[in-house]
Amino acid sequence: MTLDAPAAAAFIAIAQVALALGCAPLLQGITKRLKARLQYRYGPSIWQPYRDLAKWWAKTPVESNTASALTGAAPVIVLGAMIAAVFIVPILALRSPLAGAGDLLVVVGLLALARFVLALAALDAGSAFGGMGASREVAIASLVEPGVLLSLAVVVAAAGTTDLAHIATLGVAAGPALFSPTLLLAAAAFGIVAIAETGHEPVDNPDTHLELTMIHEGMLLEASGRRLALLTLASQLKVVVIVGLFSAVFVPFGAMSEFTVPAAALGIGVAFAKLVAAACALGALDAGMAKMRILALPGLLGLSSLLALTAIAAHLWLPA
Amino acid sequence: MVPADIEWLATVSLSAAVLLSALGAVLALARVDHRAAMIAAAAACAACGIGGVAVLAGPIVELRFGVVLGYPLLDLRIDALSGAFLVALGAVGLAASVYGVGNHDAGRSRLDTVAYIVFLVSLGLVFGSASAFSFLFAWELMALSSAVLVVGPRPDRSMVRASYIYLAMTHLATAAIAIAFAICSAVAGSLDFADWVVSAGTFGGLTRDVVFLLILVGFGTKAGMIPLHIWLPRAHPVAPSHVSALMSGVMIKAGIYGFIRFGIDVLGAGPAWWGGVVLAIGAGSAVLGVLYALAEHDLKRLLAFHSVENIGIILLGVGVAMLGMTAGAQPLVVLGLAAALFHTLNHALFKALLFLGAGAVQAAAHTRDLNRLGGLARSMPVTALAFGLGAAAISGLPPLNGFASEWLVFQGLLTVGGDAGIDPVARFGGYVAVGALALTAALAVACFVKATGMTFLALPRTAEAAGAREVGRLMRGAMIGLAASCVALGVAAGPVGAVFAAVARDMTSTADSIPAAALVAPQTIGAYNPALLSVGLAALLAGVFAIARLGARPARLAPTWVCGILPEPAFEYTATSFSKPLRMFFEPILRPARELQVELHEGTPFPRRVSYRSEVDHLIESRVYGPVHRASIAFAQLARRLQQGTLQLYLAYIVGAVIVLLLVARR
């Protein structure tokens, strides 16, 4: 059966969203555990993020008495936008769960929506740390976004479409020939900004509780109880979205191309393996690198845009 | 409706708009309450908007008034392109006029109300004019009436200075346009735009290039593109907010209208460098506009710099269309023009909304300085919600209207990059513009987090901000209406984009190469279904909200934790501190200068007063306009030597001039 059949579409939607929501906390657990092991610490269990979420879920939130209604609404919008992105990125199959709703530009737009609302909510309580986190987050994101779109533009130039499922299908059809030097440059460019976007070393330290070094955590400082659970789940899901984007564009192999039991099993297995591999890579980075000074970041993130532009120039002027 | 009905509706509503604005002018001149005139203006704008929508469906309405010596003073021919701009004028004008009725210091004087109505009428005439004389008349009327509104009845130094710079720049624009028109009418032998379209093919190559550059300078100045933008951030903030809304929302679009009308409709396909120049100016305006906005902490100046940014985004769409025309790629022309026209309408709506919001903040808190505001979301919830929606829309966030048109611009740029028929350098330029637009979009998010957060969230930073009260019903209504239209255009972006694509197709296609059904979606290289995404996102938000509510206990209220002492506004991040990382990232462009002064208590190390001042250097002003300004002053000093005030000297000048003339005539 083709992927566009109603039963197949429903299966992909349910399985992908369940996989994303189900394993997002696990990925964070794996990253943290690997980082600890590489630093000769024992580290928390890989299941600890689930326990944290359950604990926060049951707690009464404490809200600043000077906050506006945004503090309550923001977690819902941020998580909703992130789940919407999961519905658009083809992680499991060569088809988006909500096919036709959006392309890679829409995914970038949904991430920006989440960032906008979260940064505003961070300002709401009036603490300096929230302002600091929001200010740095939006500043870094403005250097990240050109890198993301330019590295994806390399692939758009080759594929002639911005539709992610279409790009993934063309990638699978190309086979090993997909890994051209141009594409590898673009993948490197995307990799750099993906680290920044997911908030890992050397851009941000996800484990820090030293206020002056926090970026993403600084924005969550005033959130508590169920709201903290929603926002944490959203940031864990963001890793799934970014890794899914990377996989759909640069390594689409293994995704479901037809609606059969073996293909579905393979698709779920490969998607899970890719996510775990990415979580391990982030853990290794966290353990192995020191955080860069914030003023040194334009160099690193600008490198991403430069690599992508080099790839585009190669695509335009070098014979294929 | 059948075509005849639509044509009837268009004619009737556009005529009604003319009559209602005449009524408004009479009411404003008569000694009655200024609100009566403003209500007439609102009705005229509503009629104009309806007429614009009707015209978009295809009919062309022709109206002529006041024929003097064979030249009609007002010669109107309203086609679909005019309609696209009349819709923006109608929507923004309606909201601004309703807001003006509710805003008590809006009708500051009779002259102001008259100028406001003349300004509205002149905008409509600019969009509808069919010949050079009528166009230039309306154009000057627009410039002068808006200058009256900028300077106001009780001007201070900054207002006078702003209006001088505005007048100087707007006349530079008019001069360039007048020369371009003179060339066109000389070559075509007619003042009628329709004749120019026909005879544009007979222009020589050099003539076309000169006309192109003249209209780029002329209309680009009015649009506020960099480097001709310097009047914009000065003039827009000092005008009353409902006038700022019209200036930023509609008047600068007259520049875009003129550029599309004469650069694309009249001149047609040009060499590739035309499109390349427009693309480069668009990208530069977008990035520099938003960077300068980030460095601002005056709410209205910040919004004015965002107009420069959005004009840049619109020009990117126009540049895409021009490159498409050069390459003969009709779908690309339609895509680029549809993106530009759609973003023009969207920017009109959300920028007007934001200026009205800024006006409401100023009316309530008596300041526009972001570092003196704060906490208004709790005292002004409706204004906060409307401003927040406008901020999200201008930041290009899905599923709002700003995202839909930016998506089209992205698609256009990526298609330029992928089109093998276009010069590789221009294709590479298309990709660089993708990067520039991505940077712009992300910086806009940063800037509007700052503007919204500093104004409406956390604790009020001053007593004025703490004492703010929500504005009146009409002002809120105007803002809600504009916010609702931003959401509606975002959700219905598919059909709306298709309408603009049809306008672009009818304007540029020589043959019926594209069937009527093939509109925006099939011409793009991506997939975005705004209605599906909106419904999906709404369902997800409702679902997450419902699950988060299950068995939830209400939040416990407590003061914000600030290390054990009571929170104070001084602990909050300010607008200046919020944008600090970006000021430092972009130091080579912004060149921030900071000045820190610490006064100590006598004989102690303890500070008594700390003052901090930070400003950025506007490179274009200091490096381009500065030398030009100094050179012209120096030239004027030299020229003064000719003026000695003695009668004999002037007689000698006259004798000399006569001799020179005789010698010239003798040859």
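What pairs come out if I take residues in the stretch A:250-269 that are at positive phi and pair them with residues that are assigned to a loop (DSSP other than H, G, I, E, B) and hydroxyl-bearing (Ser, Thr, Tyr) whose C-beta lies under 9 Å away, six or more apart or interchain?
Here the result reads none, with nothing in the stretch A:250-269 linked to a residue that is assigned to a loop (DSSP other than H, G, I, E, B) and hydroxyl-bearing (Ser, Thr, Tyr).
Looking at (1) over 14 Å from residue A:197 (Cα atoms); (2) within 7 Å of chain B (Cβ to nearest Cβ), can you tell me which one residue A:93 breaks?
Residue A:93 satisfies every listed condition except (2).
Any idea how many residues of the stretch A:164-179 are at pLDDT 90 or above and either farther than 17 Å from residue A:106 by Cβ or among the acidic types (Asp, Glu) (or both)?
Counting residues in the stretch A:164-179 that are at pLDDT 90 or above and either farther than 17 Å from residue A:106 by Cβ or among the acidic types (Asp, Glu) (or both) gives 5.
Residue-wise test of (1) out of contact with any Phe, Trp or Tyr (no Cβ under 7 Å at 6 or more places or on another chain); (2) farther than 27 Å from residue B:343 by Cβ.
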| residue | (1), (2) |
| --- | --- |
| B:360 | yes, no |
| B:368 | yes, no |
| B:377 | no, yes |
| B:381 | yes, yes |
| B:428 | yes, no |
| B:441 | yes, no |
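Kindly list the number of the only condition in (1) facing chain B (nearest Cβ under 8 Å); (2) more than 16 Å from residue A:246 (Cβ to Cβ); (3) buried (at least 24 other Cβ atoms within 10 Å of the Cβ) that fails for residue A:103.
If we test residue A:103 against (1) facing chain B (nearest Cβ under 8 Å); (2) more than 16 Å from residue A:246 (Cβ to Cβ); (3) buried (at least 24 other Cβ atoms within 10 Å of the Cβ), just (2) comes out false.
Please identify the pairs in which a residue from the stretch B:532-544 that is within 15 Å of residue A:72 (Cα to Cα) and within 7 Å of another protein chain (Cβ to nearest Cβ) has its Cβ atom under 7 Å from the Cβ atom of a residue that is part of a helix (DSSP H, G or I) and of a type in the set (A, V, I, L, M, F, W, C), counting only partners at least 6 apart or on another chain.
Between residues of the stretch B:532-544 that are within 15 Å of residue A:72 (Cα to Cα) and within 7 Å of another protein chain (Cβ to nearest Cβ) and residues that are part of a helix (DSSP H, G or I) and of a type in the set (A, V, I, L, M, F, W, C), the close pairs are B:541/A:76; B:541/A:77; B:544/A:76; B:544/A:79.
Return yes when residue A:76 is facing chain B (nearest Cβ under 9 Å), within 24 Å of residue A:114 (Cα to Cα) and in a helix (DSSP H, G or I) and no when it is not.
Numbers: facing chain B (nearest Cβ under 9 Å): yes; within 24 Å of residue A:114 (Cα to Cα): yes; in a helix (DSSP H, G or I): yes.
Criteria met by residue A:76.
Only one of B:614, B:577, B:622, B:632 is in contact with a helix residue (DSSP H, G or I) (Cβ under 9 Å, 6 or more places away or on another chain), away from every other protein chain (no Cβ under 14 Å) and either surrounded by 10 or more Cβ atoms within 10 Å (Cβ to Cβ) or under 30 Å from residue B:227 (Cβ atoms) (or both). Can you tell me which? Steps first, please.
Details: B:577 fails: away from every other protein chain (no Cβ under 14 Å); B:622 fails: in contact with a helix residue (DSSP H, G or I) (Cβ under 9 Å, 6 or more places away or on another chain); B:632 fails: in contact with a helix residue (DSSP H, G or I) (Cβ under 9 Å, 6 or more places away or on another chain).
Every option except B:614 fails the conditions.
Where the second residue is of a type in the set (Gly, Ala, Ser) and the first is farther than 16 Å from residue B:427 by Cα and lies in the stretch A:153-164, which pairs have Cβ atoms under 6 Å and are six or more apart or on separate chains?
Taking only residues 6 or more apart or on different chains, the pairs are A:162/B:526; A:163/B:526; A:163/B:527; A:164/A:248.
Out of the residues in the stretch B:407-446 meeting the condition of being among the small types (Gly, Ala, Ser) and not in a helix (DSSP H, G or I), tell me which one is nearest to the other protein chains (Cβ to nearest Cβ). Outline the logic, then answer.
Initial filter on the stretch B:407-446 (among the small types (Gly, Ala, Ser)): B:412, B:417-418, B:420-421, B:426, B:429-430, B:433, B:435-436, B:438, B:441-442, B:444, B:446.
Retained after the next criterion (residues that are not in a helix (DSSP H, G or I)): B:420-421.
Numbers: B:420: 10, B:421: 13 Å.
So, considering only residues that are among the small types (Gly, Ala, Ser) and not in a helix (DSSP H, G or I), the one nearest to the other protein chains (Cβ to nearest Cβ) is B:420.
Only one residue in A:143, A:152 is over 21 Å from residue B:581 (Cα atoms), of a type outside the set (Asp, Glu) and within 17 Å of the chain's Cα centre (by Cα). Which one?
On the way: A:143 fails: over 21 Å from residue B:581 (Cα atoms).
So the residue among A:143, A:152 that is over 21 Å from residue B:581 (Cα atoms), of a type outside the set (Asp, Glu) and within 17 Å of the chain's Cα centre (by Cα) is A:152.
Do you know which residues across the stretch B:559-574 are assigned to a loop (DSSP other than H, G, I, E, B) and either surrounded by 12 or more Cβ atoms within 10 Å (Cβ to Cβ) or not aliphatic (A, V, I, L, M) (or both)?
Initial filter on the stretch B:559-574 (assigned to a loop (DSSP other than H, G, I, E, B)): B:559-561, B:563-564, B:566-568, B:572-574.
Within the stretch B:559-574, B:559, B:560, B:561, B:563, B:564, B:567, B:568, B:572, B:573, B:574 qualify.
Quick check on residue A:179: is it out of contact with any strand residue (DSSP E or B) (no Cβ under 9 Å at 6 or more places or on another chain) and more than 29 Å from residue B:448 (Cα to Cα)? Talk me through it step by step, then tell me what you get.
Working: out of contact with any strand residue (DSSP E or B) (no Cβ under 9 Å at 6 or more places or on another chain): yes; more than 29 Å from residue B:448 (Cα to Cα): yes.
So residue A:179 passes the test.
Limited to the stretch B:456-469, what total is found for residues that are touching a Lys or Arg at 6+ places or on another chain (Cβ under 7 Å), outside any helix (DSSP H, G or I) and not polar (S, T, N, Q)?
1
When you go through A:237, A:275 one by one, which is the residue that is buried (at least 22 other Cβ atoms within 10 Å of the Cβ) and touching a Cys at 6+ places or on another chain (Cβ under 8 Å)?
On the way: A:237 fails: touching a Cys at 6+ places or on another chain (Cβ under 8 Å).
Exactly one residue qualifies, and that residue is A:275.
Pick from A:269, A:283: which is away from chain B (no Cβ under 14 Å) and in contact with a Leu (Cβ under 6 Å, 6 or more places away or on another chain)?
Details: A:269 fails: in contact with a Leu (Cβ under 6 Å, 6 or more places away or on another chain).
One residue alone meets the criteria, A:283.
Residues of the stretch B:548-563 being more than 9 Å from chain A (Cβ to nearest Cβ) and at pLDDT 85 or above, which ones?
Within the stretch B:548-563, B:549, B:550 meet the criteria.
Residues of the stretch A:297-313 being touching a Pro at 6+ places or on another chain (Cβ under 8 Å) and more than 11 Å from chain B (Cβ to nearest Cβ), which ones?
Within the stretch A:297-313, just A:300 meets the criteria.
(1) under 18 Å from residue A:240 (Cβ atoms); (2) more than 9 Å from chain B (Cβ to nearest Cβ); (3) without any contact (Cβ under 8 Å) to a residue 24 or more places away in the chain: which one isn't true of residue A:190, the others all being true?
Every listed condition holds for residue A:190 apart from (3).
If the requirement is being buried (at least 24 other Cβ atoms within 10 Å of the Cβ) and more than 30 Å from residue B:615 (Cβ to Cβ), which of these qualifies: B:319, B:282?
On the way: B:282 fails: more than 30 Å from residue B:615 (Cβ to Cβ).
Exactly one residue qualifies, and that residue is B:319.
Can you name the helices (runs of 4 or more DSSP H) wholly within the stretch A:179-256 that have at least 2 residues being under 20 Å from residue A:94 (Cβ atoms)?
In the stretch A:179-256, the matching helices (runs of 4 or more DSSP H) lie at A:181-198, A:225-250.
Can we say residue B:206 is at pLDDT 85 or above, under 17 Å from residue B:135 (Cβ atoms) and not polar (S, T, N, Q)?
Numbers: at pLDDT 85 or above: yes; under 17 Å from residue B:135 (Cβ atoms): no; not polar (S, T, N, Q): yes.
When the stated conditions are applied, residue B:206 does not pass them.
For residue A:3, which of the numbered conditions (1) in a helix (DSSP H, G or I); (2) more than 10 Å from every other protein chain (Cβ to nearest Cβ); (3) not β-branched (Val, Ile, Thr) fails to hold?
Looking at each condition in turn, residue A:3 falls short on (1).
Across the stretch B:440-470, what is the total count of residues that are within 26 Å of residue B:401 (Cβ to Cβ) and surrounded by fewer than 24 Cβ atoms within 10 Å (Cβ to Cβ)?
Step one: of the stretch B:440-470, the residues within 26 Å of residue B:401 (Cβ to Cβ) are B:440-457, B:470.
If we keep only those that are surrounded by fewer than 24 Cβ atoms within 10 Å (Cβ to Cβ) as well, we get B:470.
Of the residues in that region, 1 qualify.
Working carefully through the options A:263, A:308, A:314, find the one that is surrounded by 15 or more Cβ atoms within 10 Å (Cβ to Cβ), assigned to a helix (DSSP H, G or I) and touching a Leu at 6+ places or on another chain (Cβ under 6 Å).
Values: A:263 fails: touching a Leu at 6+ places or on another chain (Cβ under 6 Å); A:314 fails: touching a Leu at 6+ places or on another chain (Cβ under 6 Å).
So the residue among A:263, A:308, A:314 that is surrounded by 15 or more Cβ atoms within 10 Å (Cβ to Cβ), assigned to a helix (DSSP H, G or I) and touching a Leu at 6+ places or on another chain (Cβ under 6 Å) is A:308.
Does the stretch B:534-558 hold any residues that are assigned to a loop (DSSP other than H, G, I, E, B) and surrounded by 14 or more Cβ atoms within 10 Å (Cβ to Cβ), and which are they?
Initial filter on the stretch B:534-558 (assigned to a loop (DSSP other than H, G, I, E, B)): B:550-555.
Listed by number, the residues that qualify are B:552, B:555.
Report those helices (runs of 4 or more DSSP H) wholly inside the stretch B:190-273 carrying at least 1 residues which are polar (S, T, N, Q).
Details: elements: B:193-199, B:205-223, B:232-238, B:241-246, B:252-258.
Answer list for the stretch B:190-273: B:193-199, B:205-223, B:241-246.
Can you tell me which residues in the stretch A:145-171 are touching a helix residue (DSSP H, G or I) at 6+ places or on another chain (Cβ under 8 Å), surrounded by fewer than 24 Cβ atoms within 10 Å (Cβ to Cβ) and among the β-branched types (Val, Ile, Thr)?
A:161
The values are calculated or read from the model by the stated rules, or taken from the named source; none is laboratory data. Owing to the predicted nature of the structure, the values given are computational and were not obtained by experimental measurement. Neighbour counts are summed over all protein chains in view; Cβ atoms, including those assigned to glycine, are modelled from backbone coordinates with ideal geometry.
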